[in-house]
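One structure is given here, and the rest of the page talks about it.
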Amino acid sequence: MQVSSICLSAKVPVLVKSQHTNPTTVKDPSSTAAAPKWAQKTITLPPQRRGCHHITSKIVKEIQQDLSGFKCGLAHLFLHHTSASLTINENYDYDVRDDTETFLNRIVPEGPSAPWKHTLEGPDDMPAHIKSSMFGCALMIPITNGKLNMGTWQGIWLCEHRDYPTPRTVVVTLNGI
């Protein structure tokens with residue numbers, strides 16, 4: 001896996017506005033709070049066969065050092081491709097991934113009888129674009145106490161929609177305090 005990163009952090013003065021019935025604004029130059037931090041990594045995942053693949057552990061392994069520095073925030077994942085997708089779904093039972101692939105193949109026709117005009121990159125390309133649009137190429141996950149805050153049975157999936165996969169690039173941007 002190829003990884004690159006950038007991190008920024010600073011302290012800034014805090015302006016406090018009361019939420020009481022008699023609002024006042026207090027500016028105390030001695031009070032400072034941690035400014036939002038940012039971290040970003042570009043992760044290149046190796047080619048995966050067609051289907052849905054649980055990639056949570058691969059992503060967490062690559063961002064763990066930066067992730068551990070956030071008490072509260074958001075992780076944004078962005079996939080640099082139009083023929084694959086990201087989604088959050090079941091992380092335990094492999095049948096869910098197989099059933100999802102079966103569903104996608106039933107609702108998006110492929111092959112010589114498919115009505116698609118865009119076939120320059122192969123008969124699986126246009127169906128891959130449609131499937132990618134259905135799931136999307138971005139995810140937003142809360143960060144709590146240095147960890148991705150997902151449900152017990154949730155995991156990050158990379159869905160490969162092409163018959164001949166290539167490496168896939170995911171940009172993970174962390175933002176918070």
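The values are calculated or read from the model by the stated rules, or taken from the named source; none is laboratory data. Computed from a prediction, not measured in an experiment: that's the story for all the values here. Note that we place each Cβ from the backbone using ideal geometry, even for glycine, and neighbour counts take in every protein chain shown. All accessible areas refer to the heavy atoms of the entire protein, side chains included, with ligands and DNA or RNA removed. Shrake-Rupley method; radii C 1.70, N 1.55, O 1.52, S 1.80 Å.
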Just one of H76, H80 is in contact with a Ser or Thr (Cβ under 9 Å, 6 or more places away or on another chain), closer than 19 Å to K131 by Cβ and modelled with pLDDT of 95 or more; which is it?
H80
The residue from A138, A128 that alone is within 29 Å of K37 (Cα to Cα), under 22 Å from the mean Cα position of the chain (by Cα) and among the aliphatic types (A, V, I, L, M) is A138
Between residues in region 64-90 that are without any contact (Cβ under 8 Å) to a residue 12 or more places away in the chain and residues that are of a type outside the set (V, I, T), which pairs lie under 9 Å by C-beta distance while being six or more apart or on different chains?
Q64/G146; Q65/S5; Q65/A39
I'm trying to understand the selection: among the residues of region 54-77, which are closer than 15 Å to G136 by Cα and surrounded by 18 or more Cβ atoms within 10 Å (Cβ to Cβ)?
L77
Mind listing whichever residues of region 103-117 are loosely packed, with under 12 Cβ neighbours inside 10 Å and within 23 Å of C52 (Cβ to Cβ)?
F103, R106, I107, G111
Identify the single condition in (1) open to solvent by 20 Å² or more (accessible area, probe 1.4 Å); (2) over 23 Å from S133 (Cα atoms); (3) in a strand (DSSP E or B) that Y92 does not satisfy, given that it satisfies every other one.
(3)
